[in-house]
Amino acid sequence: MLSTLFMAMSAFALSTTGLMLHRTHFLSALLCLEGMMLAMFIAMATWTTQMNTGYHFLIPMLLLTLSACEASTGLALMVATTRTHGTDHLKNLNLLQC
């Protein structure tokens, strides 16, 4: 149990570090966000299993559903910015120019 929780916390910390340090492409930022959501899914799944509640599948499935919605929205934004700007580099995006 402790090794699973440590693995989930380490994956979340690595994804957060990757999001802070390697923000060159929009796709790498989306992958780091997806890693953070999957680490939270693993942590919530082990926590609800440990608490031994009757609804041990509801919270992780809700989190996984929200993660899928976040991924699809992020990919749609990446396609839209690639079509308008010609690249997915985050440094080329200027929000004041729109």
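The values are calculated or read from the model by the stated rules, or taken from the named source; none is laboratory data. Here the structure is a predicted model, which is why all the values come from computation and not from measurement. Positions of Cβ are backbone-derived with ideal geometry, glycine not excepted, and every protein chain shown enters the neighbour counts. Surface areas here come from the heavy atoms of the whole protein model, side chains and all, with no ligands, DNA or RNA. Shrake-Rupley method; radii C 1.70, N 1.55, O 1.52, S 1.80 Å.
How many nm separate the modelled label positions at L62 and M78, each set 7 Å beyond the Cα in the direction of the Cβ?
Roughly 2.8 nm, to one decimal.
What is the distance, in nm, between label points placed 7 Å from the Cα along the Cα-to-Cβ direction at M7 and at H25?
The answer from the label model is 2.7 nm.
I'd like the Kirkwood hydrodynamic radius of the chain, using the inverse of the mean 1/r over distinct C-alpha pairs, in Å.
Final number for the Kirkwood radius of the chain is 15.0 Å.
Suppose a student asked you for the relative contact order of the chain, using Cα pairs under 8 Å spaced at least 6 residues apart; what percent would you report? Numbers along the way, then the final one.
Values: 78 pairs, mean separation 28.2, N = 98.
That works out to 29 percent.
Under the Karplus relation 6.51 cos²θ - 1.76 cosθ + 1.60, θ = phi - 60°, what is the ordered set of whole-Hz ³J(HN,Hα) values for segment 29-42, x standing for Gly and Pro?
With the stated coefficients, segment 29-42 comes to 5, 5, 5, 5, 5, 5, x, 5, 5, 5, 5, 5, 5, 5 Hz.
Can you work out the accessible area per residue across segment 1-86, with the rest of the protein chains kept in place, probe 1.4 Å, in square angstrom?
Result: 69 Å² of accessible area for each residue.
Taking amide H atoms as placed 1.01 Å from N in the peptide plane, list the residues 5 or more away in sequence, or in a different chain, whose amide H sits under 5 Å from that of H25.
L90
Starting from the Cα of Y55, step 7 Å toward the Cβ, then list every residue of segment 25-39 with an amide N under 18 Å from that point.
Counting backbone N atoms under 18 Å from the label point, the list is empty.
Pulled fully out, how much extra length does the chain show between T48 and H85, if you take 0.36 nm times their separation in residues and subtract their Cα-Cα distance?
Extra length from T48 to H85 when fully extended: 8.9 nm.
Leaving out ligands, DNA and RNA, what percent of the accessible area of the chain is carbon and sulfur, probe 1.4 Å?
Roughly 74 percent, rounded to a whole number.
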